[in-house]
Every structure is written in C-alpha cells, then in structure tokens.
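Single-structure report; data block below.
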C-alpha cells in the first residue's frame with residue numbers, strides 16, 4: 001500500500017513538472033524578427049531592356065531605362081505644363097485619401113506611444129475625507145455625541161514584468177504599423 005502511494009506521488013509530481021514545462025514553453029513569444037534579404041535580381045526582365053525608337057518631334061528622343069534612378073515625387077512637373085500642375089495641386093489639396101492617410105498616421109503614432117507606456121510603472125492615488133457624527137445613544141449613553149473626521153489616502157504602484165517579451169513584441173508591431181501608415185501617406189502625397 002505504501003509503495004502504491006509513493007508511486008502515485010511520483011507520477012503526479014512528474015506529470016506536474018511536465019505540465020509546468022509545457023506551459024512555460026508555450027509562453028515563449030518567439031525570436032526577434034529579422035527582415036528577410038531581398039531576392040537576387042539583375043533587372044525587371046531576364047534580358048536587358050533596349051532603348052525605344054527616336055522620332056523627329058520635340059521630346060521624341062529615344063527613351064531608356066536607368067537602373068537605380070529616382071523619380072521625383074512631383075513627377076508631373078517634369079512636363080512643364082502649368083495646367084497639369086494646377087489640376088494635380090487642386091486634386092491633392094481636396095483629396096480625402098490624403099486626409100485619411102494623415103489621420104491614420106496620427107492614430108498609429110498615438111497607439112505606439114500608448115503601447116510604449118507598458119514599459120513604465122502605473123501609479124494611481126486617491127484621497128478622501130469623511131466626517132461623521134457618532135451618537136453614544138446606540139451604546140447606552142443618550143444625549144452625547146462625538147464628531148470625528150476620517151482622512152484616507154492611498155497610493156498604488158504596479159508594474160508588469162515582460163518576462164517572455166510579449167509587451168516588446170506588441171510595441172514592435174505598433175512601430176511597424178506606424179511605419180506602414182507613414183509609407184501609405186508618402187504614397188498618397190508624393191510631395
């Protein structure tokens with residue numbers, strides 16, 4: 001009987017250790033994110049691009065692709081057309097997509113700031129004052145009363161330990177969302 005008890009106790013202890021180990025391993029958040037390398041590529045097509053044919057009109061020179069060249073965000077100004085510039089400036093000024101992208105970026109930044117707040121302790125406090133009149137009639141002495149004031153103050157400080165990195169991963173996610181919204185704004189304005 002006694003051997004049976006020790007056997008059950010060892011089995012329960014072993015099972016508990018395995019369960020605790022599984023729970024701790026399940027709490028692992030994951031490794032640090034590493035940006036994947038860009039694929040190796042020499043160009044947009046397998047063979048090199050050829051220049052276009054030239055014509056005898058103004059601006060009709062042969063066009064060619066220049067690898068690595070940056071196009072201006074205000075590409076339409078390269079045409080030197082005042083009516084085109086005016087139309088595009090007006091479209092950008094009254095573009096709800098632009099306003100939406102700006103609002104989304106502001107929102108993402110504020111969410112990032114709020115998420116970073118998890119790295120700091122939370123401090124709360126309260127103060128209260130209560131004034132009461134105690135009647136001694138309830139304990140057998142009628143006609144007497146006493147007035148007293150009770151002042152109460154409390155401070156609470158709490159901090160969440162980020163043992164498995166969940167808070168760090170959440171803040172990394174919020175930072176990536178902010179970066180995405182910034183790129184969305186750049187894509188909608190190109191200014």
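The values are calculated or read from the model by the stated rules, or taken from the named source; none is laboratory data. Treat the numbers as computed from the prediction; the structure is a model and nothing was measured. Glycine also receives a Cβ, built like all others from the backbone with ideal geometry; neighbour counts cover every protein chain displayed.
Values for this structure:
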| item | result |
| --- | --- |
| Whichever residue in the stretch 134-167 is assigned to a helix (DSSP H, G or I) and touching a residue at least 12 places away in the same chain (Cβ under 8 Å) and, among such residues, is nearest to residue 116 (Cα to Cα) | 167 |
| Matching residues in the stretch 46-72 - criterion: being closer than 30 Å to residue 185 by Cα and surrounded by 11 or more Cβ atoms within 10 Å (Cβ to Cβ) | 65 |
| Residue check for residue 31: closer than 30 Å to residue 163 by Cα and modelled with pLDDT under 75 | yes |
| Filter pass, residue 115 being loosely packed, with under 10 Cβ neighbours inside 10 Å and either part of a helix (DSSP H, G or I) or at positive phi (or both) | no |
